Each structure stands twice: as structure tokens, then as C-alpha cells.
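Encoded as C-alpha cells, the structure appears first; notes follow it.
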Amino acid sequence: MNHYTIKKLQTELDYQDNVKKFLLNMIRSEYGYGFIPEYHQDIKNMDAYYLDPDGNNFYMAIHHETGKIIGTIGIRAYDKNFPLFDNIYDSKTTASIWRVFVNKKWRRNGVASTLVRRAEEFCRVKGYEKIYLHTHKNVEGSLDFWISNGYQIVMDTENHLKTVHMEKELYDTTPIDSNELLVLEG
């Protein structure tokens with residue numbers, strides 16, 4: 001039994017305020033710094049980055065008993081301008097995953113995996129063909145987590161932030177109608 005529910009972020013400001021607090025606390029905990037405008041504009045303006053655009057979304061894992069946020073994931077149409085990915089990713093075919101955080105007490109309980117599956121399902125429905133993300137090798141377990149979920153490294157920058165760029169091809173998982181199967185007999 002899950003002790004949490006995955007919910008889509010709505011436009012109510014109280015939820016957005018709770019999400020912003022959760023995200024900034026997680027960033028402080030994982031990276032040792034707080035709000036940096038050039039890195040965190042999406043947190044400041046959740047509506048513009050996650051709620052208003054049709055191809056974007058933001059999910060939260062909410063603990064049943066406490067009602068507190070224990071995990072998050074954001075999905076956006078690819079919107080970065082990394083020169084090394086020119087002509088590889090675009091906003092029509094590629095989604096990007098952002099702000100994947102799980103409260104340390106809830107790690108290794110399937111929260112992140114459930115959030116990722118929900119995000120991937122959303123991306124398939126929206127017609128994305130692949131998902132891009134970047135993670136950091138110095139965040140304990142993150143690289144292994146993404147690899148175990150089928151994401152492949154496309155670039156290890158080996159920079160001071162230990163940034164690794166990753167992607168996953170999305171495949172159509174629509175069930176096949178058994179009446180439409182072609183059986184070959186040999």
C-alpha cells in the first residue's frame with residue numbers, strides 16, 4: 001500500500017507556496033545553497049513554466065497522513081539553449097524533466113519511480129518522442145536511479161557541478177488488440 005498520492009499541481013497559491021518551500025529546502029539540503037535567480041526562475045513562476053503551457057505539468061507526492069509534500073517532478077517542453085544540443089532536441093518532440101526531489105525519509109520507497117512513471121505517461125499522451133534531463137553525479141544515487149529507469153547518458157560535462165545530460169526514448173505503450181494480431185505458422 002502506498003502511503004502517498006500523486007497529485008497535479010493546481011493554480012491555488014497555497015499549494016504553490018508549499019511546493020516552492022519544499023523545492024528550496026531540498027535544493028539547500030542537496031546542493032548547499034538557496035535561491036539563485038538564473039537557476040530557479042521556474043520555481044519563482046510555476047504558472048508560466050509548468051501550469052499554463054499545454055505541454056507542461058508538475059506533480060507532487062502527498063503523504064496521506066500529514067498532507068505534506070514528500071516528492072516532486074516537473075515536466076516542460078524542451079526549452080534550454082545548450083549549444084551542444086542544437087538540432088537534437090526541440091520543444092515539439094522533446095520534453096524535459098525538472099525538480100525531481102524526494103524527502104530523504106521517503107527515499108527508496110518508490111516515490112521517485114512513481115513520479116517518473118507519471119511524468120512519462122503524461123509525455124506519451126502529449127506526443128513527446130523523448131525526454132531530456134540533467135542530473136549531477138555528486139547527488140547521491142541520482143545517476144544510478146536515472147540509469148535504472150532507462151535513461152542514457154548523452155554527455156558528461158565533467159564540470160565543477162558534475163552535470164550529466166541524459167535522455168530516454170519514449171515508445172508507444174498502447175496495448176495491442178488481440179483481434180489484430182497476425183499469427184505466423186511455420
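Coordinate-derived values only; no laboratory data. Keep in mind that what you see is a predicted model, and the values were worked out from it rather than measured. Quick reminder, even Gly has a Cβ in these numbers, built from the backbone with ideal geometry, and neighbours come from all protein chains shown.
Rounded to the nearest whole Hz, the Karplus-based 3J(HN,Hα) values (6.51 cos²θ - 1.76 cosθ + 1.60, θ = phi - 60°) of segment 139-147 follow the sequence 8, 3, x, 5, 4, 4, 4, 5, 4, with x at glycine and proline.
Highest mean packing comes first when the peptides 126-132, 67-73 are listed by Cβ atoms within 10 Å, giving 67-73, 126-132. Packing here is the average count of other Cβ atoms within 10 Å per residue, and on that basis the peptides 28-38, 101-111, highest first, run 101-111, 28-38. If you stretched the chain out fully between Lys137 and Lys162, how much longer would it get, using 0.36 nm times the residue separation minus the C-alpha to C-alpha distance? Going from the current span to full extension adds 8.5 nm.
A 22 angstrom limit on the alpha carbon distance is what I want to check against. Which of Lys80/Lys162; Lys44/Lys126; Lys80/Lys126 exceed it? Correct reply: Lys44/Lys126. Each Lys and Arg adds +1 at its Cβ and each Asp and Glu adds -1 at its Cβ; summed about the Cα centre, the chain shows a dipole of about 900 debye.
Reducing segment 111-152 and segment 79-97 to their Cα centroids gives an inter-centroid distance of 16 Å. Projecting the Cα atoms of Val125, Asn18, Pro53 onto the dipole axis of the chain, where Lys and Arg carry +1 and Asp and Glu carry -1 at the beta carbon, places Asn18 farthest toward the positive end. From the largest down, segment 1-58 spans 32, 31, 21 angstrom on the principal axes of its Cα atoms. Pairwise inverse Cα distances across the chain, averaged and inverted, put the Kirkwood hydrodynamic radius at 17.7 Å.
Taking R0 as 25 Å, what FRET efficiency do you get between His3 and Arg28 from their Cβ-Cβ distance, rounded to the nearest 0.05? The formula returns an efficiency of 0.50 here.
Along its principal axes, segment 45-135 has C-alpha extents of 46, 25, 24 angstrom, given from the largest down.
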